[in-house]
Amino acid sequence: MVRLFVERAIEEICQTRPAQSIRSHRPRGLCKQPITLSIETKRPNIDRDNATLQMGTWQSAQWGSLQHKRSPSFRPIDFLPQGHDWQFVASVLDENDKPVLLKGVQFGGTDSELKISSLILGLRRLKRWIVEDYWPAFVSDVLAIS
């Protein structure tokens, strides 16, 4: 029953948005699927500044999408894997409601068992955050379903 309310609310919101999408962009077939986590990958030794710029661009667009009829409690979360290293990158809104990209911290990696374990545990924690915090806030604040 709740799923039906969510689907209807997303449909209604999509009708009021310029691209008729719940997302910050309009990929074919995914217009009604909200973004909960973004991942940007780069090969080792590729310019990290470009990857960070891409993540900042995505997060800025996502903030714009979330600010379309939302309450101010929303906080997206993102990653920036570069080669074996995974960086956690987050953004917040400043006092003028402009997105500010925060400095990334190493989240895990794929070049050792310890880093892989850290990565797996971190991804599990993020899944829990998405299910327990992000999704309920999205349903309440963006879809206006109580």
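Across the range 8-35, which residue is modelled with the highest pLDDT among those that are closer than 26 Å to ARG124 by Cα, surrounded by fewer than 16 Cβ atoms within 10 Å (Cβ to Cβ) and not hydrophobic (A, V, I, L, M, F, W, C)?
GLN33
Which number in (1) at pLDDT below 70; (2) under 20 Å from TRP129 (Cα atoms); (3) surrounded by fewer than 13 Cβ atoms within 10 Å (Cβ to Cβ) marks the one condition that ARG3 misses?
Evaluating ARG3 over (1) at pLDDT below 70; (2) under 20 Å from TRP129 (Cα atoms); (3) surrounded by fewer than 13 Cβ atoms within 10 Å (Cβ to Cβ) leaves (1) as the failure.
Give the range 94-146 a look and list any residue that's assigned to a helix (DSSP H, G or I), charged (D, E, K, R) and in contact (Cβ under 8 Å) with a residue 12 or more places away in the chain, or say none.
Passing the criteria: LYS115, ASP141.
Could you tell me which of the residues SER118, SER91 is modelled with pLDDT of 90 or more, surrounded by 15 or more Cβ atoms within 10 Å (Cβ to Cβ) and of a type outside the set (Lys, Arg)?
Every option except SER118 fails the conditions.
The values are calculated or read from the model by the stated rules, or taken from the named source; none is laboratory data. Remember, predicted model here, so these are calculated numbers, not experimental data. Cβ coordinates were reconstructed from backbone atoms using ideal geometry, including for glycine residues, and neighbour counts include every protein chain displayed.
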